[in-house]
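First up is the structure itself, then whatever we jot down about it.
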Amino acid sequence: MALRKFNLPDPGEGLTEAELVTWHVAVGDTVRVNDIVVEVETAKSLVELPVPFAGTVTSLHAAEGDTVEVGTTIITVDDGLGGSSDAVAPAPAAAAAPAAAAAPAPAATTPAASSADAPPEIAEGLIGGTTSTGRTAVLVGYGVKQTEAKRRPRTTRAVPESTNRSLGVQPDRTPSVPESTNRSLQVHPDPAGGVPESTTRSLGVQDTLTPEQVRALAKPPVRKLAKDLGVDLGTVTPTGAGGTVTRADVEAAAAGVATRFIGYADGDANDVTTRAGAEREGVREVRLPVKGVRKMMAQAMVASAFTAPHVTEWVTVDVSATMDLVERLRKDKEFRDVKVTPLLVLAKAMCLAVRRNPGVNATWDEAAQEIVLKHYVNLGIAAATPRGLVVPNVKDAERMSLRELAEAIGALTATAREGRTQPADMSGGTLTITNVGVFGVDAGTPILNSGEAAILAFGTVARRPWVVTASDGTETIEPRWVTTLALSFDHRLVDGALGSRYLADVAAILADPSRALVWG
């Protein structure tokens, strides 16, 4: 046999490690090329990793929840071809060498992947390409049509003496398993000695079983639930078919757990499951690990707050005309398939205002002591997720029509909420919007996204009394749609005059969207 080792690929963006979130295969499973075998979380996103060769999984080198360095072997597969036993799959950069992420396999055992199943960038030859075997190379996190790993039928074998010793089982003719082991492993004494056949099947015992390979049988969603609730699957009594732990088993075990709780998504302090569980068990303090996206967010915010001198300005504006425009667009057949909100109009207004005030679309180069003006707008949309704040950005937003901008924002925000934003989508931003209005907040003092010159907080749009001046100069108080905009900017490259002009121009477009025809 030939053992093929798959190393953790380089996710790019300078990231050097990732946390293993969920294994989708187990020892003994059969996998095919580009089957998704594991889901990992980097400091920026969740990524599904496809295996680059086919065969039978012989070992998993890390457990769920472990943090693994790039280049470390995470899974070994027996391809059944014979030859070298230490072949290693390369660990390529996700954005630089996608073709190296999948090692070629003979056509006799590996079906060629169709380019129609690959992402458009790959199918068109823009990223990666096709190997000499005819199989399309894929990026980390992508793959051809996913296939379900098929579990190899388990054979019934007696437990070897070495395994008996590692599990605390005595190989004599008396009741062979200590009482404490019976309770923890659900093993019942067998008059014939050894471990009963049904237990052998339920534990998935094999001839080469090691203590690390003995784990409860459960589907990935059930394992994720157990991790979220802080339940050790090894202590759960299985009630499912074949000794499988079910969701109900985990929930029942969680109700009796009186240990500290680690909340949903590895530490969401506001998760109701974490709070309710802790209160129910009388836990007065909960410690949440700072890692992944939340750790990266904390580092970026500290770097920004103590590097760039922040200034924040506010303006309150009557946006009744914008709300009327939104209602008309929602009924327009050109926008029937996209989500139209006031945020869309604000995004367009920010791009238009950059043309009149290009200095806000810049970066401070500390090393060269230069201000870098950018003639493109990569507009970031801050999105709050259970794993922390992420800021994906719309590339070249200033070139897009209103319809195209709506599609791009919708796609980015949907991906961000799922926690699957790719690192490339979060790099290279120039301006950012943070929509605090969705939480009913009027305004705030947002911290700059690291490397950018300005960020705008969009407050809630609500009906308020407003003084309206008629064309003849008479004034009346009427209920109008009103919001507050708060612009924070880096005072090293944006002075008060420039920041004020930019904010005033954005507000002017929201007050009268027809100005876009003049300034566009």
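Just one of the listed residues (LEU517, LEU503) is aliphatic (A, V, I, L, M) and either free of Cβ contacts under 8 Å to residues at least 12 places away in the same chain or at positive phi (or both), namely LEU517.
Among residues belonging to region 392-409 that are crowded, with 22+ Cβ neighbours inside 10 Å and over 20 Å from the mean Cα position of the chain (by Cα), point out the one that is nearest to THR460 (Cα to Cα). Talk me through it step by step, then tell me what you get.
Applying the first criterion (crowded, with 22+ Cβ neighbours inside 10 Å) to region 392-409 yields 392-394, 397, 406, 409.
Next cut, over 20 Å from the mean Cα position of the chain (by Cα) only: 397, 406.
Numbers: ALA397: 24, ALA406: 20 Å.
The extreme case among them is ALA406.
When the residues of region 231-261 are filtered to those that are in a loop (DSSP other than H, G, I, E, B) and buried (at least 19 other Cβ atoms within 10 Å of the Cβ), the one that is modelled with the lowest pLDDT is PHE261. Within the set LEU412, LEU456, the sole residue that is in contact (Cβ under 8 Å) with a residue 24 or more places away in the chain and in a strand (DSSP E or B) turns out to be LEU456.
Kindly evaluate THR341 against the criterion of being in contact with a strand residue (DSSP E or B) (Cβ under 7 Å, 6 or more places away or on another chain) and either buried (at least 16 other Cβ atoms within 10 Å of the Cβ) or closer than 23 Å to ASP490 by Cβ (or both). Outline the logic, then answer.
Numbers: in contact with a strand residue (DSSP E or B) (Cβ under 7 Å, 6 or more places away or on another chain): no; either buried (at least 16 other Cβ atoms within 10 Å of the Cβ) or closer than 23 Å to ASP490 by Cβ (or both): yes.
Taking the combined requirement at face value, the residue does not satisfy it.
For ASP442, the criteria (1) at pLDDT below 95; (2) surrounded by 14 or more Cβ atoms within 10 Å (Cβ to Cβ); (3) farther than 13 Å from THR484 by Cα hold in every case but one, which is (3). So for region 359-366 (the condition being of a type in the set (Val, Ile, Thr), surrounded by 22 or more Cβ atoms within 10 Å (Cβ to Cβ), over 22 Å from the mean Cα position of the chain (by Cα) and within 26 Å of GLU313 (Cα to Cα)), does at least one residue qualify? Looking for residues that are of a type in the set (Val, Ile, Thr), surrounded by 22 or more Cβ atoms within 10 Å (Cβ to Cβ), over 22 Å from the mean Cα position of the chain (by Cα) and within 26 Å of GLU313 (Cα to Cα), one finds at least one in region 359-366, hence yes. Looking across LEU373, LEU412, LEU389, one residue alone is more than 23 Å from the chain's Cα centre (by Cα) and of a type in the set (A, V, I, L, M, F, W, C). It is LEU373.
Which is in the same structural domain as ALA406 (by TED's automatic domain parsing), acidic (Asp, Glu) and in contact with a Phe, Trp or Tyr (Cβ under 8 Å, 6 or more places away or on another chain), of ASP332, ASP318, ASP324? Show your work before the answer.
Numbers: ASP332 fails: in contact with a Phe, Trp or Tyr (Cβ under 8 Å, 6 or more places away or on another chain); ASP324 fails: in contact with a Phe, Trp or Tyr (Cβ under 8 Å, 6 or more places away or on another chain).
Sole residue among the options that is in the same structural domain as ALA406 (by TED's automatic domain parsing), acidic (Asp, Glu) and in contact with a Phe, Trp or Tyr (Cβ under 8 Å, 6 or more places away or on another chain): ASP318.
Kindly indicate the residue of region 41-61 that is part of a strand (DSSP E or B) and at pLDDT below 85 and also nearest to the chain's Cα centre (by Cα) among those meeting that condition. Across region 41-61, the extreme among qualifying residues is LEU46.
Has region 298-305 got any residue that is under 30 Å from TRP481 (Cβ atoms) and either hydrophobic (A, V, I, L, M, F, W, C) or in the same structural domain as ALA443 (by TED's automatic domain parsing) (or both)? Don't jump to the end; show me each part of the working.
Filtering region 298-305 down to residues under 30 Å from TRP481 (Cβ atoms) leaves none.
Taking every residue of region 298-305 in turn, none turns out to be under 30 Å from TRP481 (Cβ atoms) and either hydrophobic (A, V, I, L, M, F, W, C) or in the same structural domain as ALA443 (by TED's automatic domain parsing) (or both).
Here's a check for you: in region 423-436, which residue that is in contact with a helix residue (DSSP H, G or I) (Cβ under 8 Å, 6 or more places away or on another chain) and outside any strand (DSSP E or B) is modelled with the highest pLDDT? Spell out the reasoning first.
Within region 423-436, the first condition is being in contact with a helix residue (DSSP H, G or I) (Cβ under 8 Å, 6 or more places away or on another chain), and the residues that meet it are 425, 431, 433, 435.
Next, from what is left, pick out any that are outside any strand (DSSP E or B): 425, 435.
Numbers: ASP425: 86, ASN435: 93.
Of everything passing the filter in region 423-436, ASN435 is modelled with the highest pLDDT.
Screening ARG501, ARG515 for residues that are of a type in the set (Lys, Arg) and more than 17 Å from LEU344 (Cβ to Cβ) leaves exactly one candidate, ARG501. Within this structure, VAL506 passes the test of being within 37 Å of the chain's Cα centre (by Cα), of a type in the set (A, V, I, L, M) and either part of a strand (DSSP E or B) or surrounded by 14 or more Cβ atoms within 10 Å (Cβ to Cβ) (or both). Taking region 291-391 and the strands (runs of 3 or more DSSP E) fully enclosed by it, the elements with 2 or more residues that are more than 23 Å from ALA416 (Cβ to Cβ) are at 310-318, 362-365, 370-373.
The values are calculated or read from the model by the stated rules, or taken from the named source; none is laboratory data. Remember, predicted model here, so these are calculated numbers, not experimental data. Cβ: placed from backbone, ideal geometry, glycine included. Neighbour counts: every protein chain shown.
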